[in-house]
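As structure tokens, the structure follows; a few thoughts come after it.
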Amino acid sequence: MRARKTAVIGLGLMGSSALYSLVRRGADVIGFDPLIVGTARGSSHGSCRIYRRFNFESDAYTELSDRAFEGWRALETDSGRTILKSCPVLEAGPPGSKMVAATRASAARHGAIPGPRTGAEANATFPAFHLPSDWDVVVQEDSGILLADAAIRAFREGAEGHIIQAAAQMRRTSAGILIMTADEEILAEQIIVAAGPWLSRFVPELNHVLTITRQEVGWFSPAKPQTVRFGAFPVFMIEGKHGMVYGFPDFESRGVKAARHVHGPIVDADEWRLPASNQELEMVLATLESLVPGAAGPIVEREVCLYTNTKEADVRVDAGEEFIIDRLPQDPRIIVASPCSGHGAKFASAIGAILADMAIDPQLKAPASFRLDRYSAFQAR
């Protein structure tokens, strides 16, 4: 049996970022994950995610976005890989859209955002759109496309020699946290658990505050390819009659990637029914046909990912879908990370650094809004 100061279970975007940060600081750390990069399971796989500087979910995220931006650029320098491709993000919704209003308000506190403000202006600027002329629009220029697979590869390459590619189990003992694979056992003084949809398998106390949903994604062969090419077309987030639909320009020559940001059916972490069906993607296609006709067309690729999100808190009330970054009150040797799916990926470089900070300094507390004590079940007794 080997001993380590810190172990990390789960090496998606968050766990691999934490491992990378610890290795860069010379920490005694080892990471575990059975999946190779690119495997179509979990919450971090796939080529891309949206990076937004200003976030309608919370103005408090702007500082985290800025720290993450610095982290992504530093990772590019260290790895020699392109990680973050600059690209505007357009958000649009009916008059009075709360999403657009929240983003505008957040941006206004950090400087004005130029660009289209109505559907008519957006259509004139980006001909792929056919938004109602009176819709509210905001376009962020300080945004982009996070290359998720490339980021994980860069993090793991930077932590080479500190990764065990194997499924792991953990058991809490008086001597430490015992991590077991088919071939070896490692005793760690502390552990970071960033296992995405499998998080509650390792930390059962979290089961009642987490929900896992199936999310379907499609790539669409665009009707007007020139209007949706990278450099001429933004990432978009549209609040239509079928819920929020987001999408990317055709930056990979695969078509326009688009999906609904509306929670799908609740599933178990191992419930994979690939691929996404035409029926599951019909509302995405309907949205493209009516509001982004330049991007609409036959489905050419399909994918499924899992969202892992928190339920509403009952002490410091939040609406759910908020991060968990904290030590487990019942056992502070365990640091848990559930950077909630659907809006967490862009922060991974910053959240990994926060997790590393907590592992290095046992007295360091997580940001208040991310702590577990917002749930009564985790209040001090």
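Percent antiparallel among DSSP beta bridges with both residues in the chain, to the nearest 5? Spell out each step's value before the answer.
Values: 51 of 73 bridges.
If we restrict to bridges inside the chain, about 70 percent are antiparallel.
Which whole-number percentage describes the relative contact order of segment 144-274, with Cα contacts under 8 Å and a sequence gap of 6 or more?
It comes to 17 percent, rounded to a whole number.
For segment 285-342, just run the numbers: alpha carbon Rg, then divide by 2.2 N^0.38 Å, N being how many residues it has. Let's see the in-between values first.
Values: Rg = 18.8 Å, N = 58, 2.2 N^0.38 = 10.3 Å.
So segment 285-342 has a normalised radius of gyration of 1.83.
Using only the alpha carbon atoms of segment 148-246, find the Kirkwood hydrodynamic radius as the inverse mean reciprocal pair distance, in angstroms to one decimal.
Hydrodynamic radius (Kirkwood, Cα only) of segment 148-246 equals 18.3 Å.
Once all Cα-Cα distances of the chain are split into 20 Å bins that start at 0, what whole-number percent is in each one?
That works out to 29, 57, 14, 0, in percent per bin.
Within straight cross-link reach of Lys224, meaning Cα distance under 24 Å, which lysines are found once same-chain residues fewer than 8 apart are removed?
Within the straight-line cut-off, Lys224 pairs with Lys85, Lys241, Lys257.
How fast does segment 211-343 diffuse by Stokes-Einstein, in µm²/s, taking the Kirkwood radius from C-alpha pairs at 20 °C and 1.002 mPa s? Intermediate values should be presented prior to the final figure.
Working: Rh = 16.4 Å.
The calculation lands on 131 µm²/s.
Counting other Cβ atoms within 10 Å, keep those with at most 16, restrict to DSSP loop, and tell me which trypsin sites (Lys or Arg not before Pro) in segment 294-332 are left.
Answer in residue order: Lys311, Arg316.
Between Val336, Val315, Val29, find the one with the highest GNM mean-square fluctuation for the chain; connect C-alpha pairs within less than 10 Å.
Val315
From the phi of every residue in segment 355-368, what ³J(HN,Hα) in whole Hz does the Karplus formula 6.51 cos²θ - 1.76 cosθ + 1.60 yield, where θ is phi - 60° and glycine or proline is x?
The phi angles translate into 4, 5, 4, 5, 5, 7, 10, x, 8, 6, 9, 6, x, 3 Hz.
Please list the non-local residues whose amide H lies under 5 Å from the amide H of Glu185, H modeled 1.01 Å from N, same-chain partners needing a gap of 5 or more.
Excluding prolines and chain starts, which carry no amide H, the hits are Arg2.
Compute the signed sum of charges (Lys and Arg +1, Asp and Glu -1) over the other residues within less than 9 Å, Cβ to Cβ, of Ala166. The partial results should precede the final answer.
Values: positive: none; negative: Asp33, Asp183, Glu184.
Combined, the nearby Lys, Arg, Asp and Glu give -3.
Short version: what are the Cα gyration tensor semi-axes of segment 69-113, square root of 5 times each eigenvalue, largest first, in whole Å? Can you show the working numbers first?
Details: eigenvalues 189, 31, 10 Å².
Largest first, segment 69-113 gives 31, 12, 7 Å.
Principal axis lengths of segment 296-381 from Cα atoms, whole Å, largest first?
For segment 296-381, the Cα spread along each principal axis is 56, 30, 17 Å.
Bins of 10 Å, beginning at zero and ending with the bin holding the largest distance: percent of Cα pairs per bin for segment 1-133, please.
It works out to 10, 28, 30, 20, 9, 3, 0, in whole percents.
Can you grab the distance from the C-alpha centre of segment 64-92 to the C-alpha centre of segment 127-189, Å, no decimals?
15
Coordinate-derived values only; no laboratory data. Please read all numbers here as calculations on a predicted model, not as lab measurements. A quick note on method: Cβ atoms are made from the backbone with ideal geometry, for glycine too, and the neighbour counts reach across all protein chains shown.
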